[in-house]
Amino acid sequence: MIPSKFDYVKPASVDEAVRALVDAGEDAKILAGGQSLLPVLRLRLAAPSVIIDLGGIPELRSISEDGDRIAIGAMAPHHDVMRDGLVTQHVALLAQATATVADPQVRHRGTLGGALAHADPAGDLGAVALALEAEFVIVGTSGTRTVTAADFFVDYFTTAIGEGEILTQVRFPKYTGWVSHYEKFNRTAQAWSMCAVAAALKVDGGTISEARIGLTNMGTTPLRAPGVEAALVGQAATAEVVRAAAEHATEGTAAPSDADAAADYREHLARVLTGRAVLTAVG
Amino acid sequence: MAQVRVTVDGVNYADDVEPRMLLVQYLRERLGKTGTLIGCDTSNCGACTVSLNGQSVKSCSVLAVQADGTEVTTIEGLARDGQLHPVQSAFNECHGLQCGYCTPGMIMAAVDLLGDNPDPDEHEVREGIEGNLCRCTGYQNIVRSVQRAAQMMKPGSGVTSEPAPVAGGN
Amino acid sequence: MTTTAEPTTLEFGKARTRKEDARLITGRSRYTDSITLPGMLHLVVVRSPLAHATITGVDKSAAEKAPGVFGVYTAADLGAEGIGLPCAWPITPDQKAPPRPLLASTTVSFAGEGVAVVVARTAGEAKDAAELVEVDYDPLDPILDMEAAAQDGAALVHPDLGTNVSATWVFDSAAAGTGDDVAAAISAAEADADSVVVRRRFRQQRLIPAFMEPRSVVVDPNGEQVTMWSSTQVPHILRTMTTVTTGIPESKLRVIAPDVGGGFGGKIGVVPEEMLTLLVAQKLHKPVKWTETRSESLLAAHHGRDQIQDLTITAKKDGTVTGLDVHLYADMGAYLGLVGPGVPVLGAFMFNAIYKIPAYKFTCTNVFTNKTLTDAYRGAGRPEATFAIERLMDELAVELGRDPLELRKQNWISHEEFPYTTVCGLTYDSGNYEQATDRAVELFDYAGLRREQEERRRNGDKVQLGIGISTFTEMCGLAPSRVLGSLAYGAGGWEAASIRMLATGKVEVITGASGHGQGHETAFSQIVADQLGVPFEDVEVLHGDTQISPKGLDTYGSRSLVVGGIAIVKAAEKVVAKAKKIAAHLLEASEDDIEFNAGQFTVKGTGQGKAIQEIAFAAFMAHDYPEDMEPSLDSDAVYDPENFSFPHGTHLAAMEVDTETGRVTLRHYVCVDDVGNVVNPLIVEGQVHGGLAQGIAQALFEEANYDDQGTLVNGTFVDYTLPSAADLPSFTTEHVSTPATSNPLGVKGVGEAGTIASTPAIVNGVIDALRHLGVKNVEMPCTSQRVWRAIQDARGTATQETPVDTHSPGAGLGSIDPNNPQGEIQ
């Protein structure tokens, strides 16, 4: 119930935060919304020596339009993201998926950046960021770099964020006018996704002109389903087309097996849920 | 030690705390606000729900130091001037509690929900309190309580039920 | 007799809102963990991560030097090596019952068993130091499969016992003289072309009671009496058993159960931590608190269910049931709980349920494994029995091509047949299964849903509909003491009550029942208000403190109203009898001419009278009262029930099953329960709702599983999946009443009904939705994966087994390997 002892630092700027991180060495942990970190600390599954709280850097909470991008500060809480006018208009899939994350209390504290940096393959937002080709702005001692979603997710709980680096912003291209849906499947309302599918599509005159499909919990990282995307593009958005395309959902996946779903069942779900996600998106 | 200045249920506090102290521990152990309860380690049960700057949070998943500079309302600060909050009254009226352990968190979650959506349907109530576990009621009377409170809080709704006085004073 | 309950007096039957709510909705509750005493220390238990191991060493030195630490103790340090927690229910004379140690000294027998305790100034410091206690283990192979463990030659949990079988308990209706020989019935059916024999194996998965308030104990050793606050259902039993266990004189111990946050049987035990907190407090002469974390609670507080049921039912092809044979394996875990071995025995009398079954035999083998012990969980034995028979009636209906409701009706005890003595020798005093069923069928639109089901089947809809039925009864109101004696139970089943008439006419009611959410204060006040003719508000119900309520047997087994409530009625009758004497004296009338009604004693045929409050004041003043009595109205009563009570009801569930994903959705649930007369319909409805949720959760959501090393894989609420509001619908609940004839209020008890009834209704509904696809069974909980696999199996599509024993590598918190936490967790 009570975490191990740690020192606490609350920097007022990103630069300060980076310095604090470097000073603290490898035993430091970044505290964003804390909705995964604090339970882990309380269970004493982790015992960092220093906690660096990003809660004192207001600019990390901002959501703004930046040309053809929507730029979301890493510390923007889920609650804000899912209701923000820019997000719902231009990145509706992110708003939809965010609304399924945990519960209202957790969404008040939990943040977009925290969830993505945590990189739990069962987390809902990685598949969205990947499918929507988000860019991750990472700041370290040597400056700022931008990493594509495809490069960001490295492995189970592992991202491209290096030692002494902090994720500060996630930038989503605009998908204005696209249709989308996040189809989530879990054991109970509180449970993490057993499998989920993020789908965003551009439909012109009944024909799918572009498709982005992301998969949650079908490997050690969020995954894209290029086979499905390819099978959809250029086709009419009919149930038959979608069902056939969904058969490609498991190509290149490495579904984990656990008590909720062994790999074969998870693969089956991925196909079924892909079909449903796309059909719901296109209405 | 880290310093925390916080307003809890209308009273200002300034304390030195261990950084590892959770907000819920601070409330219970330092301020004696034992009305807020702890039911799990994983932020599933929601028993510890309080309002932080007007938003419901699980106080087991917030460090006390993170609450520095904020305003916290707990179940103990919900009744004002000896009058129960309508959500409290409705829980009594609709038998929305049995053992009472989930109740403070459930009420605080319901207050937040109704602030956000003053007239939720059953589905919205159920989704709105999904972060709070109850083992006694099967939730049905909790849902009724929340909807009843919504009715009571509606301006000009014609519901006469005034907030009930707090039994035994406050 | 068939009536709908009529309120007989002003308070009885009134939907009073609860008195106890005021403090609970305002945060003025007093749960054990909220108690802080001056100088209080905190105790943390060092627990074994291994299920089965020899302890080769405990190094306390680093922990003892840690900041704030007052002491680190093993069993030997506390002189507790010889202390074992007793089992109160030797179900057979030769039952093997190794005493459960307070802390393991040489061998660890389940993961989560305590090895040492750390006592420190704060809970945080105690936890910090606990991590520094180094325990060396030599791992042993864990014994985890109860069926394999019961076989000759199996490796042993307790080698000195020579077996893993704790006891085998048999009820045979032929031997008891209450029915025929079931072996003969089965042979006859097998030889008879006009009969069928249906054999099934069902699994009652292991569940965790998961009360919302984690257990907590505070012991203050200073004072004439040692005071122990505990989050317990059973303060009186706890006091007695603490004496039996530690030798502290009963008179030197005061036990208080303050506000208790749910129990459901899970707080019926007397646990090592209570004894350890006492021993440490006595040793250090300081108040000590122990509060478990949720993970500890899931790991080490007792579990429930966990049976394998092998069942054989025989019937004539016309549907008449001719015999029932039941073989159980029941997993006790590593030790016997306080009443754990008796849990299956409580079910033994309920497999025949509402049916007229001429031949019946029940055999239960209780088995030790290297798992957390099992004990009572809401329903205790009766949900298991009800599940078995109600699933079996559906299976039989399929075998015979009959409507499952019709088949039940053909075999159940009709309302004209009450009182009815069953094949187990129990006498059901009242009931009307037709009435409850007819009303449920009407509310449910049974015929309409059958039509819809047919249509969906015909259309091959992706989402299929199933109708689940459970026509249940239970025995509750535990229990007639003599019956318990005949079952070798280690206590009686009576309950005590006292009523104190205060000088000002207010009333204090003391009950030995110990409420923890049931609404005792409200319902008992209603009863007393009627009995004494005083305002509801003038009645104060006191309980849960052995100094205030010195005598009692506490709350479990749906007994509070039907035993505790009747004790209160008996005490009230004595108050009235005493008051009548004083009234006659003061009114200068013969006692025979005094009538008592609604709080007024009046002289027959005159307008003269006195209120009970006036009599109470007169008794207090004692200036003028009869020679042959003491000046007091206060009265005590102990009520020992003459029989169990037998609530029943018909529960119907409309289940939708998505055949693509296996997802099960409860669309609609109707239940009509007969719990006899109802004191407070609001409280009864609440009990039914909560009971349903727990029974449904067994059917759909919950299971406690161990991996092949004996590690619990559902060790947090992330993995032990309780339903939230978003996982359940609203239920349609109604009640009908055939009043119990075994008690003066005609009440039957309601605490466990919903849990007992609902599980088979849900599972029957799931299978009914899939039966036409060839699905014959789905094990509980009916998760989407299990349902999907059942469908694949029925189609002949080979799939792998449903794994239950693996940690979830990709599911949030459960995904973090405790031994190797890594990654950028933010």
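The values are calculated or read from the model by the stated rules, or taken from the named source; none is laboratory data. What you see is a predicted model, and the numbers here were worked out from it, not measured in a lab. We place every Cβ from the backbone using ideal geometry, glycine too, and count neighbours over all the protein chains shown.
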### helices (runs of 4 or more DSSP H) wholly inside region A:174-283 containing at least 2 residues that are within 14 Å of chain C (Cβ to nearest Cβ) and either β-branched (Val, Ile, Thr) or under 30 Å from B:Thr42 (Cβ atoms) (or both)
A:263-282
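Can you confirm whether region A:89-96 contains a residue that is part of a loop (DSSP other than H, G, I, E, B), surrounded by fewer than 24 Cβ atoms within 10 Å (Cβ to Cβ), touching a residue at least 60 places away in the same chain (Cβ under 8 Å) and not hydroxyl-bearing (Ser, Thr, Tyr)?
Among the residues of region A:89-96, not one is part of a loop (DSSP other than H, G, I, E, B), surrounded by fewer than 24 Cβ atoms within 10 Å (Cβ to Cβ), touching a residue at least 60 places away in the same chain (Cβ under 8 Å) and not hydroxyl-bearing (Ser, Thr, Tyr), which makes the answer no.
Where in region C:630-727 are there strands (runs of 3 or more DSSP E), lying wholly inside it, with at least 1 residues that are within 20 Å of the chain's Cα centre (by Cα)?
Filter on region C:630-727 gives C:648-658, C:664-674.
Yes/no matrix, rows are residues, columns are (1) part of a strand (DSSP E or B); (2) within 16 Å of the chain's Cα centre (by Cα); (3) of a type outside the set (Val, Ile, Thr); (4) under 15 Å from C:Asp33 (Cα atoms):
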| site | (1), (2), (3), (4) |
| --- | --- |
| C:Met228 | yes, no, yes, yes |
| C:Thr232 | no, yes, no, yes |
| C:Glu273 | no, no, yes, yes |
| C:Leu276 | no, no, yes, no |
### Task
Select from region B:11-42 the residues that are under 15 Å from the mean Cα position of the chain (by Cα) and more than 8 Å from chain C (Cβ to nearest Cβ) and list them in ascending order.
B:Leu23, B:Val24, B:Leu27
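Table: residues versus (1) within 15 Å of B:Lys154 (Cα to Cα); (2) more than 10 Å from every other protein chain (Cβ to nearest Cβ); (3) out of contact with any strand residue (DSSP E or B) (no Cβ under 9 Å at 6 or more places or on another chain).
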| site | (1), (2), (3) |
| --- | --- |
| B:Gln98 | no, no, yes |
| B:Pro104 | no, no, no |
| B:Asp119 | yes, yes, yes |
| B:Glu122 | no, no, yes |
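Let's see how each residue does on (1) at pLDDT 95 or above; (2) facing chain B (nearest Cβ under 8 Å); (3) within 20 Å of the chain's Cα centre (by Cα); (4) within 23 Å of B:Asp68 (Cα to Cα):
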{"position": "A:Pro3", "(1), (2), (3), (4)": "yes, yes, no, yes"}
{"position": "A:Glu26", "(1), (2), (3), (4)": "no, no, no, no"}
{"position": "A:Glu65", "(1), (2), (3), (4)": "yes, no, yes, no"}
{"position": "A:Ala71", "(1), (2), (3), (4)": "yes, no, yes, no"}
### Message
Would you confirm, using the coordinates I've provided, whether C:Val198 is modelled with pLDDT of 95 or more, under 28 Å from C:Gln698 (Cβ atoms) and not in a strand (DSSP E or B)?
### Response
no
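Please find, among A:Gly33, A:Gly113, A:Gly123, the residue that is away from chain B (no Cβ under 13 Å), assigned to a loop (DSSP other than H, G, I, E, B) and buried (at least 23 other Cβ atoms within 10 Å of the Cβ).
The match here is A:Gly123.
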### Message
Give me the residue from region C:184-222 that is within 30 Å of the chain's Cα centre (by Cα) and of a type in the set (D, E, K, R) and, out of that set, farthest from the other protein chains (Cβ to nearest Cβ).
### Response
C:Arg199
### Query
Among the residues of region C:233-253, is any in the same structural domain as C:Leu338 (by TED's automatic domain parsing), of a type in the set (D, E, K, R), in contact with a helix residue (DSSP H, G or I) (Cβ under 8 Å, 6 or more places away or on another chain) and within 22 Å of B:Thr34 (Cβ to Cβ)?
no
### Query
What pairs come up if the first residue lies in region C:26-45 and is within 11 Å of chain B (Cβ to nearest Cβ) and on the phi > 0 side of the Ramachandran plot, the second is buried (at least 18 other Cβ atoms within 10 Å of the Cβ) and of a type outside the set (Asp, Glu), and their beta carbons are under 7 Å apart, counting only those six or more places apart or on different chains?
C:Gly27/B:Gly35; C:Gly27/B:Thr36; C:Gly27/B:Thr74; C:Gly27/B:Ile75; C:Gly27/B:Pro104
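Any residue in region C:463-474 that is among the aromatic types (Phe, Trp, Tyr) and part of a helix (DSSP H, G or I)?
Looking through region C:463-474, none of the residues is among the aromatic types (Phe, Trp, Tyr) and part of a helix (DSSP H, G or I).
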### Query
Are any residues in region A:146-160 among the β-branched types (Val, Ile, Thr), surrounded by fewer than 22 Cβ atoms within 10 Å (Cβ to Cβ) and within 14 Å of chain C (Cβ to nearest Cβ), and if so, which ones?
A:Val147, A:Val154, A:Thr158
### Message
I need every pair where a residue in region C:738-753 that is over 11 Å from C:Asn643 (Cα atoms) has its Cβ under 6 Å from the Cβ of a residue that is among the small types (Gly, Ala, Ser) and part of a helix (DSSP H, G or I), sequence separation at least 6 or different chains.
### Response
C:Ala753/C:Gly691
### Message
With the structure loaded, tell me whether C:Ala740 is farther than 23 Å from C:Gln785 by Cβ, in contact with a strand residue (DSSP E or B) (Cβ under 7 Å, 6 or more places away or on another chain) and among the small types (Gly, Ala, Ser) or whether it fails that test.
### Response
yes
### Query
Out of (1) more than 27 Å from C:Thr32 (Cβ to Cβ); (2) more than 7 Å from every other protein chain (Cβ to nearest Cβ); (3) aliphatic (A, V, I, L, M), the odd one out for B:Val65 is which?
(2)
### Query
Mind checking which residues of region C:463-488 are crowded, with 22+ Cβ neighbours inside 10 Å and within 18 Å of the chain's Cα centre (by Cα)?
C:Phe472, C:Thr473, C:Glu474, C:Met475, C:Cys476, C:Gly477, C:Leu478, C:Ala479
#### Entry: Single residue of region C:105-140 satisfying the filter (part of a loop (DSSP other than H, G, I, E, B) and over 28 Å from the mean Cα position of the chain (by Cα)) that is nearest to C:Leu284 (Cα to Cα)
C:Arg121
### Query
What are the residues in region C:729-769 that are in a loop (DSSP other than H, G, I, E, B), within 14 Å of another protein chain (Cβ to nearest Cβ) and buried (at least 24 other Cβ atoms within 10 Å of the Cβ), if any?
C:Val750, C:Gly751, C:Glu752
### Message
Just to be sure before I move on: is C:Ile389 over 25 Å from the mean Cα position of the chain (by Cα), surrounded by 19 or more Cβ atoms within 10 Å (Cβ to Cβ), under 25 Å from C:Thr733 (Cβ atoms) and among the hydrophobic types (A, V, I, L, M, F, W, C) in the structure I sent?
### Response
no
### Task
State yes or no: is C:Asp94 of a type outside the set (Val, Ile, Thr), away from chain B (no Cβ under 14 Å) and in contact (Cβ under 8 Å) with a residue 12 or more places away in the chain?
yes
### Query
So which of C:Ala184, C:Ala123, C:Ala193, C:Ala189 is buried (at least 19 other Cβ atoms within 10 Å of the Cβ) and more than 30 Å from C:Asp59 (Cβ to Cβ)?
C:Ala189
### Query
Out of (1) under 29 Å from C:Asn743 (Cβ atoms); (2) touching a strand residue (DSSP E or B) at 6+ places or on another chain (Cβ under 6 Å), what's the single condition that is false for C:Ile582?
(2)
### Message
Could you go through region A:98-108 and let me know if any residue there is free of Cβ contacts under 8 Å to residues at least 24 places away in the same chain, surrounded by 24 or more Cβ atoms within 10 Å (Cβ to Cβ), more than 9 Å from chain C (Cβ to nearest Cβ) and in contact with a helix residue (DSSP H, G or I) (Cβ under 9 Å, 6 or more places away or on another chain).
### Response
yes
### Message
Checking the conditions here, which among A:Thr188, A:Thr280 is surrounded by fewer than 24 Cβ atoms within 10 Å (Cβ to Cβ) and in contact with a strand residue (DSSP E or B) (Cβ under 7 Å, 6 or more places away or on another chain)?
### Response
A:Thr280
